[in-house]
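Report on the structure given below.
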Amino acid sequence: MTEPVCVQFKKLDPRAKIPQYMTTHAAGLDLCAVLDEPLHLVPGQRVLVSTGLAMALPVGFEGQVRPRSGLAWRDGVTLVNTPGTIDADYRGEVKIILINHGTKEVTIEHEERIAQLIIAPVVQARLCDVETLDETDRDRGGFGHTGRG
């Protein structure tokens, strides 16, 4: 197991909740909505939801914002850009782009857990401009080239 890294959070809104791991071995920190009034999300609607938080990640790490499985399964509400990426040099508010893929209106309440945040290491690649690439057994096969099942 690797040593925990320090991720700094700043409340931009006093009502914001610092994310928490909800179980001992959870991979994701739950992010909560900061709302002045309940949000009514109709089918097909997408909305940018405030968390009231800014954060500072250590260099070499990113924050991956992912859907909560219960919200997706129960209500059809998920994230438009999944996973969303928070870079180590970003200091603005963390906001969540929710979309309702369900068949009924869903109400999101203030302090409701709406997404999860995974802290993950990042490797920046050294890019090499070449004339040719090595051949592989797969070569150019893609988009279902191996069949179904």
Might you check whether a residue that is buried (at least 19 other Cβ atoms within 10 Å of the Cβ) and among the small types (Gly, Ala, Ser) occurs anywhere in region 90-97?
no
Residues to consider are 88, 115; find the one that is more than 13 Å from residue 49 (Cβ to Cβ) and under 18 Å from the mean Cα position of the chain (by Cα).
88
Considering only strands (runs of 3 or more DSSP E) fully contained in region 85-130, which possess at least 2 residues that are of a type in the set (Lys, Arg)?
none
From the list 79, 57, 41, 48, which one is touching a residue at least 60 places away in the same chain (Cβ under 8 Å) and under 30 Å from residue 124 (Cα atoms)?
57
Taking into account only those residues within region 23-36 that are assigned to a loop (DSSP other than H, G, I, E, B) and in contact (Cβ under 8 Å) with a residue 24 or more places away in the chain, which is farthest from residue 70 (Cα to Cα)?
36
Pair list, Cβ < 9 Å and 6+ apart or interchain, from region 123-142 residues that are at pLDDT below 80 and loosely packed, with under 10 Cβ neighbours inside 10 Å to residues that are assigned to a loop (DSSP other than H, G, I, E, B) and polar (S, T, N, Q)
138/146
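The values are calculated or read from the model by the stated rules, or taken from the named source; none is laboratory data. Keep in mind it's a predicted model, so treat the numbers as computed, not measured. Quick reminder, even Gly has a Cβ in these numbers, built from the backbone with ideal geometry, and neighbours come from all protein chains shown.
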